[in-house]
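Novice: Pasting a structure here, questions to come.
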Amino acid sequence: MKDIYQHFRPEEKDTIDMFKSKLEIASRDYFPLQLDFLDPRERLILESVSGAFDDIEIHYYGGGKVGEERERMRALLVPELLTYELEDFEITVFDMQYPDKFVALEHRNVLGAIMNVGVDRSKIGDVVIGDDIQFAVATPYVDLFYEELERIKRAPVNLKEIDVRDFISSVDDGMSKSVLSSSMRLDTVLSNVIGEGRAKSRDRVEKGKIKVNHTLIEDPAFTVEVGDVISVRHFGRIAVSEHLGETKKDKHRLVVKVYSSK
């Protein structure tokens, strides 16, 4: 288990230790244990840590159809031979009604208002904007959302709970792209994905316009890894899907998905 730390970032040590502790509890108490909503990078870490726990199965659910992949999903640690129900994930899905004839809401407006409720990001699942606006939250925080989320962009909003299975599917409008990058530095990867000079990408990072997995990163030398979701203000999101190795000229071959902010 000690060797696992060398495969991840130093700042991810606490996450590794937390997952290890939760797995130990589930194994010791022989009882299903739920985790918060996890992003792709966190799920990758959890899967790596769980390799030392053969008696624990990990199940994920973020709402909607069972087995549907979502960006943010809750994990349930289930000891072998035990069963579980969807209700064990404790996910509530809200459908948001607002006067759409008079105001247009974008993903950033809705997510910003949800975050202003004061709940940690780990308690919030996907926010989906399609014909309807829906989002998932950890069930214990439902009352707080009813009390605090009343307006977005000065428009009144009304929340209605729906069956978690009816959560609309996330619209995957991302464009897959193969990228060659001379290093895995954040500014270098950004430069190659966006198609701009490295100096401009470095400037974006240093000016606080970049988040990686919802955390503000201001160090251009930050190392990008598989599973990272990079949010670029006024551009969109970049999901790092695969690292296919290096070329003969030592360039990293990456597969990413690019999501426009429009």
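The values are calculated or read from the model by the stated rules, or taken from the named source; none is laboratory data. As the structure is a prediction and not an experimental result, all values here were calculated from the model. Methodologically, a virtual Cβ is constructed for each residue, glycine included, from the backbone with ideal geometry; neighbour enumeration extends over all protein chains shown.
Novice: Tell me which of these GLY63 doesn't satisfy, since it passes every other one: (1) without any contact (Cβ under 8 Å) to a residue 40 or more places away in the chain; (2) under 22 Å from VAL229 (Cα atoms); (3) not hydroxyl-bearing (Ser, Thr, Tyr).
Specialist: (1)
Novice: Now for a separate question. In region 65-104, what count of residues is obtained for those that are part of a loop (DSSP other than H, G, I, E, B), at pLDDT 95 or above and within 18 Å of ASP36 (Cβ to Cβ)?
Specialist: 3
Novice: Only strands (runs of 3 or more DSSP E) wholly contained in region 150-262 count here; list those with 1 or more residues that are surrounded by fewer than 16 Cβ atoms within 10 Å (Cβ to Cβ). Write out each step before concluding.
Specialist: Values: elements: 158-162, 175-181, 210-212, 229-232, 236-246, 252-260.
Output list reads 158-162, 175-181, 210-212, 236-246, 252-260.
Novice: Scanning for something without any contact (Cβ under 8 Å) to a residue 60 or more places away in the chain, closer than 30 Å to ARG151 by Cα and either within 17 Å of the chain's Cα centre (by Cα) or not assigned by TED's automatic domain parsing to the domain that holds LYS153 (or both), does region 4-26 turn up at least one residue?
Specialist: no
Novice: While we're on this one: Being modelled with pLDDT under 95, under 24 Å from LEU44 (Cβ atoms) and of a type in the set (Gly, Ala, Ser), is that true of even one residue in region 205-225?
Specialist: no
Novice: Would you mind finding the one in LEU35, LEU76 that is surrounded by 12 or more Cβ atoms within 10 Å (Cβ to Cβ), in contact with a His (Cβ under 8 Å, 6 or more places away or on another chain) and not assigned by TED's automatic domain parsing to the domain that holds TYR141?
Specialist: Details: LEU35 fails: in contact with a His (Cβ under 8 Å, 6 or more places away or on another chain).
Just a single option satisfies the conditions, and that option is LEU76.
Novice: Please tell me if VAL205 is outside the structural domain of GLY63 (by TED's automatic domain parsing), closer than 23 Å to LYS257 by Cα and touching a Pro at 6+ places or on another chain (Cβ under 7 Å). Show your work before the answer.
Specialist: Working: outside the structural domain of GLY63 (by TED's automatic domain parsing): yes; closer than 23 Å to LYS257 by Cα: yes; touching a Pro at 6+ places or on another chain (Cβ under 7 Å): yes.
So VAL205 fits the description; yes.
Novice: Could you please find all residues in region 115-138 being assigned to a helix (DSSP H, G or I), in contact with a Phe, Trp or Tyr (Cβ under 9 Å, 6 or more places away or on another chain) and not basic (Lys, Arg)? Step through it out loud before you land on a result.
Specialist: At the first step, the residues of region 115-138 found to be assigned to a helix (DSSP H, G or I) are 115, 121-123.
Checking which are in contact with a Phe, Trp or Tyr (Cβ under 9 Å, 6 or more places away or on another chain) leaves us with 121-123.
Selection gives SER122 alone.
Novice: Being in a helix (DSSP H, G or I) and under 21 Å from ARG121 (Cα atoms) is true for just one of GLU12, GLU24. Which residue is that? Before you say what the answer is, go through the steps one by one.
Specialist: Values: GLU24 fails: under 21 Å from ARG121 (Cα atoms).
It is GLU12.
Novice: Looking at ASN109 and the list (1) part of a helix (DSSP H, G or I); (2) within 18 Å of LYS20 (Cβ to Cβ); (3) of a type in the set (S, T, N, Q), which single condition is not satisfied?
Specialist: Of (1) part of a helix (DSSP H, G or I); (2) within 18 Å of LYS20 (Cβ to Cβ); (3) of a type in the set (S, T, N, Q), only one is false for ASN109: (2).
Novice: Of the conditions (1) part of a helix (DSSP H, G or I); (2) touching a residue at least 24 places away in the same chain (Cβ under 8 Å); (3) under 17 Å from the mean Cα position of the chain (by Cα), GLU47 clears all except one; give me its number.
Specialist: (2)
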